Amino acid sequence: MILQTLARIGITFVMIVLTGVSGLSFYIWPTSFPDHKLSVTPDLIQRLRSLQSESKFGPDPLTFYPGVANEEQRLAAQAVVDSTIRSLIAELPTRPQRSTVLRTMKLALADYDSSESAERDQVLVYLTKVMQICGVESSAELFNVWRYGFPYGWLV
């Protein structure tokens, strides 16, 4: 009986690790629980537009980010953030939900293909700014699962 319980715990642990390492956990990670309505105002939309118009992925002394090495990579990373903002500007007025924000971000992150950890971290910096503008307090571990394959926030 004890051996069976330990075996089940071990198998569960191995499955969690495998889904994290393979990236599968990101694709099955929920974005709609818990959900709540957001207050979408003209000021919120204007703040999103303002962030969208900024040049992104240059050197940032506040986060010690040196900037993207070449312009092609910078434009690709900026396109991910800007398309997320553009989608939210279009969709939030008709569906002002936390799940709208996280689902849009999840789709953008799934399409972002960069092996550079600094750029991946900086994408999350910008998406966190978007979340703050929208009034979403947490990614519910979506960012950790995308970045590391595991919801490390659960361990803290």
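Values quoted throughout were computed directly from the atomic coordinates according to the rules given, and no laboratory measurement underlies them. Being a predicted model, the structure only gives us computed values, none of them experimental. Cβ sites come from the backbone with ideal geometry, for glycine too, and all protein chains shown count toward neighbours.
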For the stretch 34-48, in residue order, the Karplus 3J(HN,Hα) values (coefficients 6.51, -1.76, 1.60; θ = phi - 60°; whole Hz; Gly and Pro = x) are x, 10, 7, 7, 9, 8, 9, 10, x, 5, 4, 4, 5, 5, 5
Computed about the Cα centre, the charge dipole of the stretch 31-140 from +1 Lys/Arg and -1 Asp/Glu charges at the Cβ has a magnitude in debye, to the nearest 20, of 480 debye
Between the Cα axis of helix 2-22 and the main Cα principal axis of the chain, the angle (0 to 90°, nearest 10) is 30 degrees
Of the convex hull enclosing the alpha-carbon atoms of the stretch 32-90, the direction-averaged projected area in nm² is 5.7 nm²
Between Asp60 and residues 5 or more places away or on another chain, the pairs with built amide H atoms under 5 Å apart involve Tyr65, Gly67
Phi-derived 3J(HN,Hα) across the stretch 128-139 with the Karplus relation (6.51, -1.76, 1.60, θ = phi - 60°), rounded Hz, x for Gly and Pro, is 5, 4, 4, 4, 4, 4, 7, x, 9, 7, 8, 7
The extension gain from Met1 to Asn70, computed as 0.36 nm times the residue separation minus the Cα-Cα distance, is 19.0 nm
Taking placed amide H atoms and a strict 5 Å upper bound, the residues 5 or more places from Gln97 or on another chain that come that close are Leu38
Beyond 16 Å, the calculated P(r) of the stretch 101-156 holds a percent of Cα-Cα pairs equal to 40 percent
Diffing the stretch 113-119: the Karplus 3J(HN,Hα) column from phi (6.51, -1.76, 1.60, θ = phi - 60°), in whole Hz with x for Gly and Pro, holds 10, 9, 8, 6, 5, 5, 5
P(r) over all Cα-Cα pairs of the chain, 5 Å bins from 0 to the longest distance, whole percent per bin, short to long, reads 2, 8, 17, 19, 18, 14, 10, 5, 3, 2, 2, 1, 0
